[in-house]
1. Within segment A:75-122, count every residue that is out of contact with any Cys (no Cβ under 7 Å at 6 or more places or on another chain), of a type in the set (A, V, I, L, M, F, W, C) and within 18 Å of A:E206 (Cβ to Cβ).
2. Go through the residues of segment A:206-217 one by one and say whether even a single one is touching an Asp or Glu at 6+ places or on another chain (Cβ under 7 Å) and at positive phi.
3. Please verify whether A:A173 is closer than 15 Å to A:E467 by Cβ and of a type in the set (G, A, S), treating the condition exactly as stated.
4. Quick check on segment A:390-406. Is at least one of its residues hydroxyl-bearing (S, T, Y), in a helix (DSSP H, G or I) and closer than 27 Å to A:L301 by Cβ?
5. Please specify each residue of segment B:20-56 satisfying the condition of being closer than 24 Å to B:N190 by Cβ, touching a residue at least 60 places away in the same chain (Cβ under 8 Å) and not charged (D, E, K, R).
6. Across segment B:36-50, what is the number of residues that are away from every other protein chain (no Cβ under 11 Å) and either under 13 Å from B:R193 (Cα atoms) or not in a helix (DSSP H, G or I) (or both)?
7. Can you work out which of the residues in segment A:259-268 that are farther than 15 Å from A:E340 by Cβ and of a type in the set (V, I, T) is nearest to the other protein chains (Cβ to nearest Cβ)?
Amino acid sequence: MAAAALLSVARQPSRTALFAFTRSLGTAPTPPRHSFDKISAQHISALKQIVGGDANCFTDATSLAAYNADWTGRYRGSSQLALRPPTPRAVADALKYCTQHGLAVVPQGGNTGLVGGGVPVYDEVVISTAALNAVESVDADSGCVVAGAGVVLQALDEELAKHNLMVPLDLGAKGSCHIGGNVSTNAGGLRYLRYGSLHGSVLGLEVALADGTLLDLLSTCRKDNTGYDLKQLFIGAEGTLGIVTRVALQAAPRPSSVQAAWIGIQTFEDVRRALRLARRHLGETLSAFEFVDRASLDVVLEGQHASMRLHDPLPDNPTPFHALVEVSGSNEAHDTEKLEHFLEAASEEGIAVDGTVASGGRQLAELWAIREGISEALARRGAPVYKYDVSIPLSCWYDIVTDMRARLSEAGYNDSSGVRVVGYGHMGDANMHLNISSLEVDDRIGNLIEPWVYEWVSSRGGSISAEHGLGQMKASAIGYSKHPEAVRLMAQIKDVLDPSGTLNPYKVLPSS
Amino acid sequence: MRILCAVKRVVDYAAKIRVNAAQTNVDTSSVKMSMNPFCEIALEEALRLKEAGIATEVVAVTVGPDAAKDTLRTAMAMGADHAVHVVHESAGAGAGALPPLAVARVLSAVVDHAGPFGMVLAGKQAIDGDNNQTGQMLAALRGWPQATFASSVSVTDGGTHAVVTREVDAGLETVKVPLPAVVTTDLRLNEPRYAKLPMILKARKREIETLSAETLNVKDHVDRDQGKLHVRKVSEPPARAGGVKTKDMDEFINMLREKGVL
């Protein structure tokens, strides 16, 4: 169809190479290697047998390179062995062998994490979920889907589409990330506002434990109040308590109507009013409320490839803030009515200076391409991007951006020196993405940012990692958002499930 | 000069479609519908001609069922001055749909009813039927010149002619046509604007002139035209077979020979 030619403006997942310069410093230096055993030929031979042969076992430098480096290019380990066990039992057996022989292990899914949680720090054995890639069942009545941990998120969504269902989360890495990894990191994403967290939509898990137990928590019941809800421990544990091998997930009905509006807003107070108004008017159909400040929009428009053809949706009325509001439902006429009603109210109450509704798929894709393209555009500027994914109370949500700008400006870093401070993110979840981008490497900038930004967030009771997790990047920063007693209890739980400490060491909790 | 811009409500270009069980059409029951992208481009061009002071009025027209009113509201939100809805249940594509000749017949009647127009702007084709016939047939019915697949349009000689660059297989061709003429639009002509909030809200309340094949006195013709084109079956293209990896060059060459490629 001629329509295919129009897909030049389409939602693009972020690409690996473009994040080559992403980093964050100031958190404690990498801890020294613990006294785990080193891999030997005997180990390799035994593990090869466990995972069923050469095809699932990688020891050559070329293959290992991909397993050893994270996609931002910032973290690089030196593992000598990567395994792709073909079954959950093989995962458990491989894990048991490694535990028994004192070999450290790092579980790896799609390797799209942003905090270095899925790559080796030293020579940990990589256990990849890639071969656990079957979608096992979809229950048309309940909407429950059971899938192997290695199913790529986008592939899972496409399979569910055949049943008029959808995966209850959506993120830029969907073309590469694994559902098991999403569960292990409690991934958030663009539709969290509507579908909530994986803590709510995961119905059951099968987890391989360090001692070789294949823990069957794979219930498909929507409601099950029998005992302690153990699966919650593994959701978001970033692979430090066990390796998720299968997932039972509550899929959501696939909306047949999706519409989006882009609003130009003058003050942040008005953006807060817009969010409250959106919740009131759009209620159950609201599926996204994304915030993009002027600095972010400028970076995207300036930094786009010639083929992307992104434009400012409201060129006649530039404003300091913008909101991308999406509604989705089952009745297009009904949803259009609600969206227009909301926009009318926003206009009458002086909240929206101007706005537009996407007329169809092309404009809808373009609005999302703007929002989803900010990260890439920042990376394309050429030098390190300092990325902070934080939860902040809405009452002071944008203050972190203005305060950061002021702090850097006082030290001589601002627009004219090529330093951009941008704020964008999932405002509906109070999740701010604060990014600072410079044109050249300058360590002074990093030192001005950290630990100031963590202290700022901590003092307002926010979270220093809203959705990206702690990984190795923030493994010593948990204290900014959790009290010592809580961290102690986490360490105790870790000790119960992984007494030898070989399961994804150096990650999440402080190394002490 | 007044411009008539024909727009069509079709399945959204990004929507995933499936053929219905009866194999007569695409299942549009729970699929997003939007203005045909080429029609959007045609409307955008009409609005630019108005903003340049060349056209004085832009009238949007659609032939379709009740729901097609949404497309006209979008047209008015973008800036069309007036909207005409010719109600007909069988617009679309697939079995039983109004064929291009019938649509052209109706549009010609609208030109008579709501004219005079110096130009009719339309998309080169609708992405549901992909016929690429309606504009050309309309020109023939009226004895007007046509300039199709436009990638640029300008009006010259004091508004009496249009110079249109056309995208053709051999490259670009520039033609000059006397007005009134039919111009159909291709992808690279322009990028349609975002409709702005104040106009979107106003468009909700504006009047749409509603007509039918009957009130336009073309019902008999349209019925006859409908009988001339019979869509027998709509089916999906054959599923792509997976690729095969060969272990070395020899095996690859042997496979090409087996398949008769070499």
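The values are calculated or read from the model by the stated rules, or taken from the named source; none is laboratory data. Please read these numbers as outputs of a predicted model, since none were measured by experiment. Counting neighbours? That spans all protein chains shown, and the Cβs are built from the backbone with ideal geometry, glycine included.
1. 5
2. Scanning segment A:206-217, I find at least one residue that is touching an Asp or Glu at 6+ places or on another chain (Cβ under 7 Å) and at positive phi, so the answer is yes.
3. It is true that A:A173 is closer than 15 Å to A:E467 by Cβ and of a type in the set (G, A, S).
4. yes
5. Step one: filter segment B:20-56 for residues closer than 24 Å to B:N190 by Cβ, giving B:32-56.
Narrowing the set further to residues that are touching a residue at least 60 places away in the same chain (Cβ under 8 Å) leaves B:36-49, B:54-55.
If the condition is that a residue be closer than 24 Å to B:N190 by Cβ, touching a residue at least 60 places away in the same chain (Cβ under 8 Å) and not charged (D, E, K, R), then B:N36, B:P37, B:F38, B:C39, B:I41, B:A42, B:L43, B:A46, B:L47, B:L49, B:I54, B:A55 are the ones that fit.
6. Residues meeting the conditions: 5.
7. A:I265
Here's the yes/no breakdown for (1) under 30 Å from A:G264 (Cα atoms); (2) assigned to a loop (DSSP other than H, G, I, E, B); (3) more than 14 Å from every other protein chain (Cβ to nearest Cβ):
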residue: B:R188; (1), (2), (3): yes, no, no
residue: B:P192; (1), (2), (3): yes, yes, no
residue: B:P198; (1), (2), (3): yes, no, no
residue: B:L201; (1), (2), (3): yes, no, no
residue: B:D220; (1), (2), (3): no, no, yes
residue: B:S235; (1), (2), (3): no, yes, yes
residue: B:G243; (1), (2), (3): no, yes, yes
residue: B:L262; (1), (2), (3): no, yes, yes
